[in-house]
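Below is one structure, written out as structure tokens; comments come after it.
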Amino acid sequence: MPARIISIGTALPATSVPQRDLRAFFADQPDASRLTRRLIGAAFDAAGIETRHSVLTGLGGTPDGVFVGEDSRLLSPTTGIRNELYRRTAPDLAADAARSALSEAALTPSQITHVVTVSCTGFFAPGLDFRLIRDLGLPVTVERSHLGFMGCAAALPALRTASQITAAQPEAAVLVVCVELCSLHIRDTADSEQIVAASVFADGAAAAVVTADERLGTPGGIVLERFATALTSEGESDMVWTIGDHGFNMRLSAEVPRIIGREIRAAVDRFLGEEGAPARWAVHPGGRSVLDRVEAGLELEATALDASRAVLRDHGNMSSATILFILRQLLADPTVSGRIAALAFGPGLTVESALLRKTR
């Protein structure tokens, strides 16, 4: 039997900040020039986001002594300080999402045989996979894999890995967990690309339970039919994620949506072949402009990306976790059935694709 997602759980940090408050916080920084304020206003207003969540309690202007000073100035902690906050907060958020997924799947922790973790916003060892075994009470014999630093597209390779595991071991129950704390890497800058990154990225975690064993978990779900990867002919330097002394540096040029718009038709046509496009899509919302370019490039119906736009509006771009938030909406929607095409974009530029099928 093919692998299927039988449940998806999500988790968000407690701090929720309206987009308008974040726009004001960045625009009111003491060193922001008039041009910088205009760029901030334009980027934040065009993002298609209403609310974002963060592990940083000071976002919005409340002093925390680490990221926000007494005068509401955005501070610049070292990468070590940022990564230490990741180490302290990411495991709990990942565990919350995983517990939700296990509960909805009607599985006990003892039934999980494999864990696949995904993150690009922090590092430590023993890592997230180890902590999930300890925190959830999973068997100590659980086999673990980690996909690190693959960016926003990484959830689809993680699901592909889970599918490959179940093909080799049909009795396996795989827990896939994505957690991203993008806000740890915010910075005060007049650089237009950093402003765009600050206007869209957010924190969140999501987990999926994948199995090919019909005896496990709840019936139905989302069947994982096939996957594909494509590198675009350009864009290697337009979406870049590097490690600096004061956080990870995201380069997200204005060319990214345009490259996706130019390349998406060929990538999707190769993937779908003669089967044609499905009615439902789960597209990673790198930003509203990315969704607009995908919609135009593939000539989709106006409602095809509703779930992607809703997740972007309510939570922002949570990197790898975002596509699982979208699939969770489609999984819970009783009006959705049949084929679903999933697309996500990562550094390179890389296009990850999955053809899925929801069963009742």
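The values are calculated or read from the model by the stated rules, or taken from the named source; none is laboratory data. For clarity, every value in this text was computed on a predicted model and none was experimentally measured. Virtual Cβ from ideal backbone geometry, glycine too; neighbours counted across all protein chains shown. Heavy atoms of the whole protein, side chains included, go into the accessibility calculation; ligands, DNA and RNA do not. Shrake-Rupley method; radii C 1.70, N 1.55, O 1.52, S 1.80 Å.
Given R₀ = 51 Å, what would the calculated FRET efficiency be for Asp188 paired with Ser103, taking r from the Cβ atoms and rounding to 0.05? Intermediate results must be reported in sequence, preceding the final value.
Values: r = 41 Å, r/R0 = 0.80.
The value I calculate is 0.80.
If you stretched the chain out fully between Ser253 and Ala279, how much longer would it get, using 0.36 nm times the residue separation minus the C-alpha to C-alpha distance? If you can, show how the numbers build up before the last one.
On the way: separation 26, 0.36 × 26 = 9.36 nm, distance 3.05 nm.
Length gained, Ser253 through Ala279: 6.3 nm.
Using the Kirkwood radius built from alpha carbon pairs, what does the Stokes-Einstein equation give as D for segment 294-345 at 10 °C and 1.306 mPa s, in µm² per second? Please list the in-between numbers first.
Details: Rh = 11.8 Å.
The estimated diffusion coefficient comes to 134 µm²/s.
At 222 nm, what value in deg cm²/dmol follows for the chain if DSSP H runs of at least 4 each add -39500 (n - 2.57) and the sum is divided by all its residues, to the nearest 500?
Numbers: 10 runs with 130 residues, N = 360.
Mean residue ellipticity at 222 nm (helix-derived): -11500 deg cm²/dmol.
Give, in nm to one decimal, the length gained when the segment between Ile243 and Glu214 is fully stretched (0.36 nm per residue of separation minus the Cα-Cα distance). Please list the in-between numbers first.
On the way: separation 29, 0.36 × 29 = 10.44 nm, distance 4.33 nm.
Additional length available on full extension: 6.1 nm.
Over segment 22-165, what relative contact order in percent results from Cα pairs under 8 Å that are six or more residues apart? Mind showing how you got there, number by number?
Details: 128 pairs, mean separation 24.5, N = 144.
For segment 22-165, the relative contact order is 17 percent.
Using a Gaussian network model on the chain with a 10 Å cutoff between Cα atoms, which of Val336, Val176, Val294 fluctuates the most?
Val336
Counting only C-alpha contacts under 8 Å and six or more residues apart, can you give the relative contact order of the chain as a whole percent?
Taking the mean separation of contacting Cα pairs over the length of the chain, I get 24 percent.
Return the carbon/sulfur percentage of the accessible area of the chain, one whole number, probe 1.4 Å, all protein chains in place.
Details: 7240 of 14350 Å².
Its accessible area is 50 percent carbon and sulfur atoms.
Using a 1.4 Å probe, what is the accessible area per residue for segment 1-103, in Å²?
Value returned for segment 1-103: 45 Å² of accessible area per residue.
Using the heavy atoms of the protein chains alone and a 1.4 angstrom probe, what is the accessible area of segment 239-360 per residue in square angstrom?
On the way: 4730 Å² over 122 residues.
Here the per-residue accessible area is 39 Å².
Choose one answer from Ala155, Ala190, Ala43: the residue with the largest mean-square fluctuation in a GNM of the chain with alpha-carbon springs under 10 Å.
In this elastic network of the chain, the residue with the biggest mean-square fluctuation among Ala155, Ala190, Ala43 is Ala190.
If you average the C-alpha positions of segment 67-96 and of segment 258-272 separately, how far apart do those two centres end up, in angstrom?
With segment 67-96 and segment 258-272 each reduced to a Cα centre, they are spaced 37 Å.
Have a look at Ala101, Ala266, Ala168 and tell me which one the Gaussian network model of the chain (Cα, springs below 10 Å) gives the largest fluctuation.
Comparing Ala101, Ala266, Ala168 in the GNM, the peak value goes to Ala168.
Report the extension gain between Ser233 and Asp21 in nm, rounded to one decimal, defined as 0.36 nm multiplied by the number of residues separating them, less their alpha carbon distance.
Details: separation 212, 0.36 × 212 = 76.32 nm, distance 3.85 nm.
Length difference between fully extended and current span is 72.5 nm.
Per the Cauchy relation, a quarter of the hull surface: what is the mean projected area of the convex hull of the alpha carbons in segment 69-168, in nm²?
Values: hull surface 32.5 nm².
Directional mean of the projected Cα hull area for segment 69-168 stands at 8.1 nm².
Based solely on C-alpha atoms, express the radius of gyration and the Dmax of segment 51-118 in angstrom.
16.9, 51
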